[in-house]
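Everything on this sheet refers to the single structure shown next.
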Amino acid sequence: MNNLLDLTFEKKINCSAEVAWWNYWDHEHLDVVHKAYKKSDILYDNKNFMFRVDEIKIPIIPFLKFKTPLFMVQHDKNTLFAFAIQFGILSKTTIKILSIERSKCSISMNYKFYLNGWRIILKPILKKLIPVWNETVWNEDLPIKLRRQKVIDMNFKDFIGLPKDLKDRKYDGPIKFILPIRRPKKSSRDLHPLKK
């Protein structure tokens, strides 16, 4: 029996590849936007990688929560890898984002779950749950991506805001994506006692 569950989802969205990348690396929004996330602590991040511990609510049994470690790396310009362990199940998520035009991109999300030993019995359950989870997370993130694209097109700058002069609120130049994404001082992501 194959102990690997492999699922891929493809989407197109009216935002730049840079905005889509920003959304994956913007850890501030996790417990505010996503219903399943209760808490996220970043223990280490630097340039193109990050290690975080998330407290997540179980979708089927909402009063139960579990902690999961997550390692993310921006492997190259178009590819992100995320490795996590949930209930002893090792998973690898591969995100590929390709630019179609300035304000449009395609996103491929591939999930692999290594179901060794007794965990193989979870394969049919995960095969049904992962598409639902993926669609839920996509719909929760969709307005954030579209809104960020809109304000960037209005010349918005992080930690500064929109230009005061209305004539300066039009921008169609290149969009920058630089890691790590700046967080506010005293961010709730940086409060864990084991933080570097």
Positive-end residue of 5, 43, 68, charge dipole of the chain with Cβ unit charges = 43
Residue pairs, from the table 12/185; 57/104; 35/167; 11/92; 67/145, whose Cα atoms sit over 30 Å apart = 12/185; 57/104; 35/167
Heavy-atom accessible area with a 1.4 angstrom probe orders 189, 102, most exposed first, as 102, 189
What per residue convex hull volume, in Å³, comes out for segment 52-132 when only alpha-carbon positions are used?
-> 122
Taking only Cα atoms and a 10 Å spring cutoff, compute GNM fluctuations for the chain and point out the largest among 159, 71, 113.
-> 159
Express in Å², to the nearest 10, the accessible area of residue 10 obtained by rolling a 1.4 Å probe over the protein heavy atoms while all chains stay in place.
-> 130
Rg (one decimal) and Dmax (whole number) from the Cα set of the chain, in Å, equal 17.9, 64
Per the C-alpha gyration tensor (a ≥ b ≥ c, the square roots of its eigenvalues), segment 1-76 is rounded if a/c is under 1.5, else prolate if a/b beats b/c, else oblate; here it's rounded
Out of every Cα-Cα pair in segment 103-196, what percent are more than 24 Å apart?
-> 52
Would you mind telling me which residue in 37, 111, 171 has the biggest mean-square fluctuation in a Gaussian network model of the chain, where springs connect alpha carbons within a distance under 10 angstrom?
-> 171
Taking only C-alpha pairs under 8 Å that are 6+ residues apart, what is the relative contact order of segment 78-196 in percent?
-> 13
Per the helix-only model, the chain has a calculated mean residue ellipticity at 222 nm (DSSP H runs of ≥4, -39500 (n - 2.57) each, divided over all residues, rounded to the nearest 500) of -7500 deg cm²/dmol
Cα-centred dipole magnitude for the chain, charges only on beta-carbon of K, R (+1) and D, E (-1), debye, nearest 20 = 240
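The values are calculated or read from the model by the stated rules, or taken from the named source; none is laboratory data. All of these numbers come straight from a predicted model, not from anything done at the bench. FYI the Cβ positions are ideal-geometry reconstructions off the backbone, even for glycines, and counts take in every protein chain you see. Side chains included, ligands, DNA and RNA excluded: accessible areas come from the protein's heavy atoms. Shrake-Rupley method; radii C 1.70, N 1.55, O 1.52, S 1.80 Å.
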